[in-house]
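Here is the structure we will look at.
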Ligand code: EPU
């Protein structure tokens with residue numbers, strides 16, 4: 001198992017290229033199941049979740065090809081799918097495997113997907129995915145830890161999501177495009193990954209209106225065809241590098257990002273005193289605050305402050321003057337990084353869904369353990385300002401969603417090393 005050894009206290013400086021968005025690439029790859037023709041996806045991030053999705057598609061007998069190594073593009077052909085099944089072994093390592101449920105039942109009339117179960121950040125049920133597919137005419141049974149969905153052909157329906165769900169919206173959108181008649185989805189997620197998925201589906205011949213608004217209308221079509229699509233930049237990776245610049249007293253230029261997708265994060269960092277401005281096309285320059293000041297944050301659905309940036313903001317708040325309050329409203333158990341930051345010397349009190357951070361605290365290196373993807377990013381950021389050496393265990397979590405983070409940080413002046421332990 002790999003660990004990171006980080007020597008803190010270095011000011012980061014330079015340019016960093018932001019990769020394609022993992023959470024946009026995953027539903028796009030699943031959407032390639034909707035056609036027998038080639039779907040060509042560009043700007044794919046080379047992260048572990050993407051490799052898992054490629055393995056899952058290959059398990060279903062799709063052809064997944066890439067012109068380069070490591071792959072930044074995929075050409076996926078789902079001519080015939082012989083196993084319409086997402087097995088437990090793959091789903092347990094990546095919940096987003098559930099995104100194959102909608103496309104499989106829509107095109108092949110059958111899907112069997114392992115129930116994801118809970119994970120370290122919360123219970124994370126998929127009840128709304130199931131309810132919506134039933135509304136579209138699928139017969140669903142849940143047995144032996146698997147969801148089985150069957151339909152001769154899905155039909156259009158009106159469905160209102162009782163609560164906003166990102167992958168739920170994506171799963172049902174990718175089912176509705178091949179359903180007979182009109183589907184109206186209400187209370188949909190607004191995250192930029194949804195309009196990006198819709199843009200790919202429209203290139204494939206789908207008829208969709210309103211993606212990126214709460215109400216999405218879909219006129220089902222009989223078949224979809226080949227398309228080429230470039231995945232949007234990763235707004236969470238970009239947000240993480242904004243904090244990296246701010247927390248180390250540095251100055252960074254982020255390239256190939258989409259500042260419009262980062263409005264809430266940029267506003268919050270500016271409130272803390274961090275200087276951020278757009279520079280050229282897809283460029284964002286971050287300059288550390290002269291004096292970092294505390295700010296309060298509630299995590300919210302897009303366009304609010306993303307839960308996926310909460311751990312990184314907490315790391316920053318440990319260095320800000322004053323008291324910051326964080327309220328996590330999306331997931332019930334997303335503070336596992338807080339106790340690790342406390343072990344590094346942070347002053348953080350967690351009470352239910354609220355964390356109170358008093359700063360600034362001098363962090364000192366300690367052995368810590370990553371509990372999930374974004375928690376690991378928060379710990380890396382904390383380690384960048386800690387004195388002495390921090391060892392972070394279980395960095396496979398960070399490899400799920402950050403492309404070569406240690407190489408990108410090293411290029412900016414950080415001292416971070418991947419150490420492979422012999423088991
Ligand atoms: N929920 C239900 N029932 C459902 C679906 C969701 O109760 O059927 C609840 C969840 O338990 C949670 C809330 O609704 O409390 C929102 O969950 P959502 O479904 O929106 O989350 P998700 O689609 O499973 C995606 C991202 C997450 C990100 C969340 C919130 C992907 C692959 N994952 O998850 O990303 O945190 O939206 O923005 O897009 C990450 O990248 O590290 C990550 C966890």
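Where a number appears in this text, it was derived from the coordinates with a stated rule and is not lab data. Note that this is a predicted model, so its numbers are computed, not measured. Glycine also receives a Cβ, built like all others from the backbone with ideal geometry; neighbour counts cover every protein chain displayed.
Between residue 362 and residue 207, the FRET efficiency estimated from the beta carbon spacing at R0 = 35 angstrom works out to 0.05. Determine the shape class of the stretch 14-152: with a ≥ b ≥ c the square roots of the Cα gyration tensor eigenvalues, call it rounded for a/c under 1.5, and otherwise prolate if a/b is greater than b/c, oblate otherwise. Oblate is the answer for the stretch 14-152, as a/c is 1.5 or above yet b/c matches or exceeds a/b. The simple spin-label model puts a point 7 Å past each Cα toward its Cβ; for residue 163 and residue 83 those points are separated by 3.2 nm. With coordinates expressed along the principal axes, the C-alpha atoms belonging to the stretch 282-423 extend over 40, 36, 34 Å, beginning with the largest.
Of all DSSP beta bridges located in the chain, what percent are antiparallel, nearest 5?
On the way: 56 of 80 bridges.
Just about 70 percent of them are antiparallel.
What the Cβ-Cβ distance of residue 13 and residue 215 gives, at R0 = 30 Å and to the nearest 0.05, is a FRET efficiency of 0.10.
Taking 0.36 nm per intervening residue step and subtracting the Cα-Cα distance, what contour gain separates residue 278 from residue 36 on full extension? Can you show the working numbers first?
On the way: separation 242, 0.36 × 242 = 87.12 nm, distance 4.12 nm.
Difference between extended and current length: 83.0 nm.
Between the helical axis of 235-247 and the longest alpha-carbon principal axis of the chain there is an angle of about 0 degrees. For the chain, a Gaussian network of Cα nodes joined below 10 Å ranks 250, 304, 378 by mean-square fluctuation, and the top entry is 304.
For q = 0.07, 0.09, 0.12 Å⁻¹, what log10 I(q)/I(0) does the chain give under the Debye formula with an equal point scatterer on each alpha carbon and no solvent? Rounded to two decimals, the profile gives -0.33, -0.54, -0.95. Sorted on the mean count of surrounding Cβ atoms within 10 Å across their residues, most packed first, peptides 222-230, 124-132 read 124-132, 222-230. Per residue, the convex hull spanned by the alpha carbons of the stretch 180-327 comes to 104 Å³. The angle between the Cα long axis of helix 373-385 and the longest principal axis of the Cα atoms of the chain comes to about 20 degrees, rounded to the nearest 10. Taking a ≥ b ≥ c as the square roots of the eigenvalues of the alpha carbon gyration tensor, the stretch 265-334 is oblate, as a/c is not under 1.5 and a/b does not beat b/c. A Förster radius of 22 Å combined with the Cβ-Cβ distance from residue 93 to residue 228 puts the calculated FRET efficiency at roughly 0.15. The base-10 log of I(q)/I(0) for the stretch 107-209, evaluated at q = 0.13, 0.21 Å⁻¹, reads -0.47, -1.20 [Debye formula, identical scatterers on Cα atoms, solvent excluded].
Find the relative contact order for the chain and round it to a whole percent, using C-alpha pairs within less than 8 Å whose residues are 6+ positions apart. It would help to have the intermediate numbers written out before the result.
Working: 1072 pairs, mean separation 87.7, N = 423.
The normalised contact order for the chain reaches 21 percent.
With helices as the sole contributors, the chain gives -8500 deg cm²/dmol at 222 nm; each DSSP H run of n ≥ 4 counts as -39500 (n - 2.57), and the sum is divided by every residue. Model label sites at residue 63 and residue 258, defined 7 Å from Cα along the beta-carbon direction, differ in position by 3.0 nm.
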